[in-house]
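Single-structure report; data block below.
The values are calculated or read from the model by the stated rules, or taken from the named source; none is laboratory data. All values derive from a computational prediction rather than experimental measurement. Glycine gets a Cβ as well: all are built from the backbone with ideal geometry, and neighbour counts include every protein chain shown.
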There are 2 protein chains.
Amino acid sequence: MAYISQKRTGLAPFFNPKTIAVIGSLKEGFFGGYVVIKSLLNAGFKGEIFPVNPSYKEICGLAVYPSIKVVPRRIDLVLIITGARSVSGILKECAERGVRAATVVSDGFAERDEEGVKLQREMAEIARQTGIRIIGPNTAGIANPSKGLIPNPYEMGYEKVKAGNIAICAQTGMINPQAFPYGDLHYGVSKICDFGNKCDVDECDVMEYLENDPATKAITLYLESIKDGQRFLKVSKRVTSKKPVLILKSGRTEQGARVSASHTGSLALDDRIFDAACKQSGIIRLESFRELFELPKIFAYQPLPKGNRLGIITFTGAVGVLAIDEGAKYDLTVPLLSPGTRKKLDAIFPGLGKRIVDIGPPMAVVNDYMSIYSEILKTVTVDPCIDSIFNVIWTGPSGEFMEEYLKIYRGLEGIRKPIASWVYGPRVPYINEMTCQLEDLGFPVFPEIEMAIKALGTASQYAKTKGGNR
Amino acid sequence: MAYISQKRTGLAPFFNPKTIAVIGSLKEGFFGGYVVIKSLLNAGFKGEIFPVNPSYKEICGLAVYPSIKVVPRRIDLVLIITGARSVSGILKECAERGVRAATVVSDGFAERDEEGVKLQREMAEIARQTGIRIIGPNTAGIANPSKGLIPNPYEMGYEKVKAGNIAICAQTGMINPQAFPYGDLHYGVSKICDFGNKCDVDECDVMEYLENDPATKAITLYLESIKDGQRFLKVSKRVTSKKPVLILKSGRTEQGARVSASHTGSLALDDRIFDAACKQSGIIRLESFRELFELPKIFAYQPLPKGNRLGIITFTGAVGVLAIDEGAKYDLTVPLLSPGTRKKLDAIFPGLGKRIVDIGPPMAVVNDYMSIYSEILKTVTVDPCIDSIFNVIWTGPSGEFMEEYLKIYRGLEGIRKPIASWVYGPRVPYINEMTCQLEDLGFPVFPEIEMAIKALGTASQYAKTKGGNR
């Protein structure tokens, strides 16, 4: 076969294609090539789309081609959604046409049975021989919201994903738009990538791509296996020196690892070895699925702290004590504020200038509560004894303070210290509204006290490894 | 003084009073006696309310009395919201009038300064001498939703709390209705109690009361200190033999403990000693603030498991592997299903009868997806190799399966195994709606995969200590 000879290319064609071919099922439904095309059109993809299927003439107003061979343009990226057995043939045709990137959504490979293992090996071999890069098989694919590139193979129920600084990647489709409510978020993502079975492109390739992606400030990954331990160590070490890498790895336990191996068809790694690798390379290890989406916010939207000294502003002592306990896990300390700050706070309300700045007591008695709140927050955030701030917001029974809170936060934008917020109150709608509004301003809000503290704690630890922390 | 002599009474008058006096500030605003009275009226309290304040004649249509001495009825419960210095005098007058229960909302006691410590000692002495029981000071008080008894001193923004089986108690007002959205919940609570500074009534008194409260199936507590270690051990051991007791204790770290002592005025306990006490007495220890409200749901609304064998139904392998890892922390194992079940599942879709029942693959290809889902769920839940079930629900892009999911769950009501659910999907409104509807049916939904597994895991461990687990 006369493949166009080329060396293995990077991942740019996946994330920034001008032309895309969608090869396979175009049946209307909630899964398949039809959904991919609709998603691309809805998200405002500016490039050209070429559906490929011998049984159709037209779909969504686009001409359909019987084969990739007759598509009249050079194609940057193909998406393949066909039966497992036809994938290799299609990949060869694509390589012959000079396609350099293929996302194989099709399943039924190493995760299914012995035949699938063989088919997947064939694909890997094609990638090796032709230089075509393959994401998958068994993947929900990638997204680049800033380009309107959301070629999602499952119906997602919304059209746009807010573009931002966080790259979310995983060895599962649980991070793709059909599974996670990106449309309802108020922070933005730079890239989404489901590795699938990793027959070619793996976590290291993606990390290397994101390392040099100016849109990405923080990288978060869910992994079940590592394809090449030595390379992983080398690459992650280099990448973490530039941007934070946060990893949730499952298959920690023996049974988990065994089951993981059976569903992705890949070998799991001894968890202790992985843990040591994380420590060595500066990876931040996550502990729950939700943290994948929450923890990177502190890195993407706030400055790194200059040290480990945490300031706490709360409405009750209990939250402060919980925060101190949690902070200790990450070597955060809660210092006495400087004498000047304490004096100023005590002048606002007697006893306010403590280690935990508890605005509950003044709140119950002061009439114009919000004016002192503003003063308190400003005073604490600029205190030279404090490197990061955990701020608690009580929404009130009718969200009456929302506008004023926002005004106060806008005034904090010049402060070069990270602020993690936790919003609570008696009504869910106001909690949600306040959270959205603050995140629109670039101030991350965490769904739990402990997660807010972990965010500040890992930011402090990360800053230290980078030498930016005293 | 001629106190009505009596031995120390239990806490019934706090939670089931026929007559309440509200003593102190009646000023309109978002805090104080006025709010208490409005909350009682709005929540439908059926007893009589007697406001006491020398400066008013009438409030909310109720006659106001200048002093507790002239209130024309025997009073079961008083709420005191006055300056700290006048509390003792009022308590004495109440005791003389035969009042047996007083909630002291007022602050400025041991949590503030030396004078406050003295004032609080005086109160404790009055309780000891007269037999009047005191909750507080520095408390947001109690609630008993089934009686419309929500005497909340802070504006809460809603009127009712759903009555149910969970008692939530804490050494902080963070669990009271102004701080937590009970009005938006779809599970119910039996009692709420903020201990405040614990000058008299403490965690042991409340546990003993709840031990014999037929409305309470599970007890959850936030504590910063233990008043009497020996008694705590004895009482908690007895109570956990009847109902589960879940405790979040802060002040775990040295700094946390020190700060805790300063804001509640009580001595903190070495965390290792507390941890040992929990193990000895069968207390379930919580790790985050949110768990206080979430974890008891499994005990209150589901049967205890008969063993530690977990069944997992999910849409992706990744969630299954995460669940297995998490389950291992609580000695949950995920067994092979019985041969009959596996055969039945494989007949529905080839390869379905695995350790993790992954309905992702059939879902992408089967047309009438919901009919097989129903079959799968029923088949797995009745499998004799399974003691508890983690079920994952994907809401879909437009919540289209909601009604069918609910129908299927209704059909599960006879199965005497606990089911913990996790709902995810691409749109927040459908996730929320599905969650509410399922909880209305009595099936707890957890906000995180890991929390759902922890709920099942602790239920299994608790059942084992009760001898109900193989």
**Request:** Of the conditions (1) closer than 15 Å to B:Thr103 by Cβ; (2) in contact with a Gly (Cβ under 7 Å, 6 or more places away or on another chain); (3) away from every other protein chain (no Cβ under 13 Å), B:Pro153 clears all except one; give me its number.
**Result:** (3)
**Request:** Output the number of the condition that B:Ile247 fails; it satisfies all remaining conditions of (1) more than 14 Å from B:Phe274 (Cα to Cα); (2) modelled with pLDDT of 95 or more; (3) among the β-branched types (Val, Ile, Thr).
**Result:** (1)
**Fill in**
Of B:Ala257, B:Ala268, the only residue that is in the same structural domain as B:Ala167 (by TED's automatic domain parsing), hydrophobic (A, V, I, L, M, F, W, C) and modelled with pLDDT under 80 is B:Ala268
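Pick out the one residue from A:Ile168, A:Ile132, A:Ile175, A:Ile142 that is closer than 25 Å to B:Gly317 by Cα and more than 14 Å from chain B (Cβ to nearest Cβ). Walk me through how you get there before you give the answer.
On the way: A:Ile168 fails: more than 14 Å from chain B (Cβ to nearest Cβ); A:Ile132 fails: closer than 25 Å to B:Gly317 by Cα; A:Ile175 fails: more than 14 Å from chain B (Cβ to nearest Cβ).
Answer to the selection: A:Ile142.
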**Prompt:** Does at least one position in segment B:61-68 carry a residue that is assigned to a strand (DSSP E or B) and either buried (at least 20 other Cβ atoms within 10 Å of the Cβ) or touching a Leu at 6+ places or on another chain (Cβ under 6 Å) (or both)?
**Reply:** no
**Request:** With a cut-off of at least 1 residues that are touching a Gly at 6+ places or on another chain (Cβ under 7 Å), name the helices (runs of 4 or more DSSP H) lying wholly within segment B:277-349.
**Result:** B:296-301, B:317-328, B:339-348
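Here's a check for you: in segment B:90-121, which residue that is among the charged types (D, E, K, R) and under 13 Å from B:Gly136 (Cα atoms) is modelled with the highest pLDDT? It would help to see each step written out before you state the result.
Initially, segment B:90-121 is screened for residues among the charged types (D, E, K, R), giving B:92-93, B:96-97, B:100, B:107, B:111-115, B:118, B:121.
From what is left, the residues that are under 13 Å from B:Gly136 (Cα atoms) are B:107, B:111, B:121.
Details: B:Asp107: 93, B:Glu111: 87, B:Arg121: 97.
For segment B:90-121, the residue satisfying everything is B:Arg121.
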**Matching residues, segment B:393-434, being in a loop (DSSP other than H, G, I, E, B) and among the small types (Gly, Ala, Ser)** = B:Gly396, B:Ser398, B:Gly399, B:Gly411, B:Gly414, B:Gly425
**Candidate set: segment B:461-470, residues that are in a helix (DSSP H, G or I) and touching a Lys or Arg at 6+ places or on another chain (Cβ under 9 Å); chosen: the one farthest from the other protein chains (Cβ to nearest Cβ)** = B:Ala463
**Asked** Somewhere in segment B:251-267, is a residue assigned to a helix (DSSP H, G or I) and more than 14 Å from chain A (Cβ to nearest Cβ)?
**Response** no
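Condition check ((1) within 14 Å of chain A (Cβ to nearest Cβ); (2) among the β-branched types (Val, Ile, Thr); (3) on the phi > 0 side of the Ramachandran plot) across all residues:
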position	(1), (2), (3)
B:Thr316	yes, yes, no
B:Gly320	yes, no, no
B:Tyr330	yes, no, no
B:Thr333	yes, yes, no
B:Lys343	no, no, no
B:Gly353	yes, no, no
B:Pro362	yes, no, no
B:Tyr369	yes, no, no
B:Ser374	no, no, no
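Restricting segment A:452-466 to residues that are surrounded by fewer than 24 Cβ atoms within 10 Å (Cβ to Cβ) and not small (Gly, Ala, Ser), which is nearest to A:Met402 (Cα to Cα)? Steps first, answer last, please.
Here is the first cut: in segment A:452-466, the residues surrounded by fewer than 24 Cβ atoms within 10 Å (Cβ to Cβ) are A:458, A:461, A:463-466.
Subsequent filtering for residues that are not small (Gly, Ala, Ser) retains A:458, A:461, A:464-466.
Details: A:Thr458: 29, A:Gln461: 33, A:Lys464: 35, A:Thr465: 37, A:Lys466: 37 Å.
Per the stated criteria, the residue is A:Thr458.
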**Asked** In segment A:428-437, what residues are of a type outside the set (A, V, I, L, M), away from every other protein chain (no Cβ under 11 Å) and crowded, with 18+ Cβ neighbours inside 10 Å?
**Response** A:Thr435, A:Gln437
**Asked** Of the residues A:Leu77, A:Leu26, A:Leu40, A:Leu62, which single one is of a type outside the set (Asp, Glu), more than 19 Å from A:Val104 (Cα to Cα) and under 33 Å from the mean Cα position of the chain (by Cα)?
**Response** A:Leu62
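Where residues in segment B:208-243 are among the aliphatic types (A, V, I, L, M) and surrounded by fewer than 20 Cβ atoms within 10 Å (Cβ to Cβ), which of them is farthest from A:Gly317 (Cα to Cα)?
As a first pass, look at segment B:208-243 and keep what is among the aliphatic types (A, V, I, L, M): B:210, B:215, B:218-219, B:221, B:223, B:226, B:233, B:235, B:239.
Remaining after also requiring surrounded by fewer than 20 Cβ atoms within 10 Å (Cβ to Cβ): B:215, B:233.
Working: B:Ala215: 30, B:Leu233: 26 Å.
For segment B:208-243, the residue satisfying everything is B:Ala215.
Of the residues in segment B:139-161, how many are farther than 18 Å from A:Pro426 by Cα and in contact with a helix residue (DSSP H, G or I) (Cβ under 8 Å, 6 or more places away or on another chain)? Spell out the reasoning first.
Residues of segment B:139-161 farther than 18 Å from A:Pro426 by Cα: B:146-147.
Retained after the next criterion (residues that are in contact with a helix residue (DSSP H, G or I) (Cβ under 8 Å, 6 or more places away or on another chain)): B:147.
The total comes to 1.
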**Asked** Are any residues in segment A:18-34 closer than 20 Å to A:Ile68 by Cβ and either aliphatic (A, V, I, L, M) or not in a strand (DSSP E or B) (or both), and if so, which ones?
**Response** A:Lys18, A:Ile20, A:Ala21, A:Val22, A:Ile23, A:Ser25, A:Leu26, A:Lys27, A:Gly32, A:Gly33, A:Tyr34
**Fill in**
Flagged in segment B:350-388 as at pLDDT 90 or above, of a type in the set (A, V, I, L, M, F, W, C) and in a loop (DSSP other than H, G, I, E, B), in numbering order, are B:Leu352, B:Ile359, B:Val382, B:Cys385, B:Ile386
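With the requirement that a residue be within 14 Å of another protein chain (Cβ to nearest Cβ) and surrounded by fewer than 20 Cβ atoms within 10 Å (Cβ to Cβ), what does segment A:70-83 give you? Give the steps one after another, and end with the answer.
Applying the first criterion (within 14 Å of another protein chain (Cβ to nearest Cβ)) to segment A:70-83 yields A:81-83.
Selection gives A:Thr82, A:Gly83.
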**Residues satisfying the stated conditions in segment B:201-217, i.e. assigned to a loop (DSSP other than H, G, I, E, B) and among the acidic types (Asp, Glu)** = B:Asp202, B:Asp213
**Item:** segment B:1-19 residues that are surrounded by fewer than 16 Cβ atoms within 10 Å (Cβ to Cβ), paired with ones that are assigned to a loop (DSSP other than H, G, I, E, B) and modelled with pLDDT of 50 or more (beta carbon under 6 Å, 6 or more apart)
**Value:** B:Ile4/B:Gly98; B:Gln6/B:Gly131; B:Arg8/B:Gly131; B:Thr9/B:Arg100; B:Lys18/B:Gly47; B:Lys18/B:Asp76
**Prompt:** In the set B:Ile284, B:Ile312, which member is within 14 Å of another protein chain (Cβ to nearest Cβ) and either crowded, with 20+ Cβ neighbours inside 10 Å or of a type outside the set (Gly, Ala, Ser) (or both)?
**Reply:** B:Ile312
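Do we have any residue at all in segment B:438-448 that's small (Gly, Ala, Ser) and either within 14 Å of chain A (Cβ to nearest Cβ) or without any contact (Cβ under 8 Å) to a residue 12 or more places away in the chain (or both)?
Quick first cut of segment B:438-448, residues small (Gly, Ala, Ser) only: B:442.
Next, only the ones that are either within 14 Å of chain A (Cβ to nearest Cβ) or without any contact (Cβ under 8 Å) to a residue 12 or more places away in the chain (or both) stay: none.
The answer is no, given that none of the residues of segment B:438-448 is small (Gly, Ala, Ser) and either within 14 Å of chain A (Cβ to nearest Cβ) or without any contact (Cβ under 8 Å) to a residue 12 or more places away in the chain (or both).
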**Hey, B:Arg238 within 14 Å of another protein chain (Cβ to nearest Cβ), among the basic types (Lys, Arg) and more than 20 Å from B:Val105 (Cα to Cα) or not** = no
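Yes or no, residue by residue, for (1) in a loop (DSSP other than H, G, I, E, B); (2) in contact (Cβ under 8 Å) with a residue 40 or more places away in the chain; (3) out of contact with any Ser or Thr (no Cβ under 7 Å at 6 or more places or on another chain); (4) more than 17 Å from B:Gly360 (Cα to Cα):
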site	(1), (2), (3), (4)
A:Ala102	no, no, yes, yes
A:Asp107	yes, no, yes, no
A:Leu119	no, no, no, yes
A:Glu122	no, no, no, yes
A:Pro137	yes, yes, no, no
A:Gly164	no, yes, no, yes
A:Cys199	yes, yes, yes, yes
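Quick one: how many residues across segment A:47-94 are polar (S, T, N, Q) and closer than 17 Å to A:Lys27 by Cβ?
First, pick out the residues of segment A:47-94 that are polar (S, T, N, Q): A:53, A:55, A:67, A:82, A:86, A:88.
Now drop any that are not closer than 17 Å to A:Lys27 by Cβ, which leaves A:53, A:55, A:82, A:86.
Here the count works out to 4.
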**Prompt:** Can we say B:Ala101 is surrounded by 24 or more Cβ atoms within 10 Å (Cβ to Cβ) and within 14 Å of chain A (Cβ to nearest Cβ)?
**Reply:** no
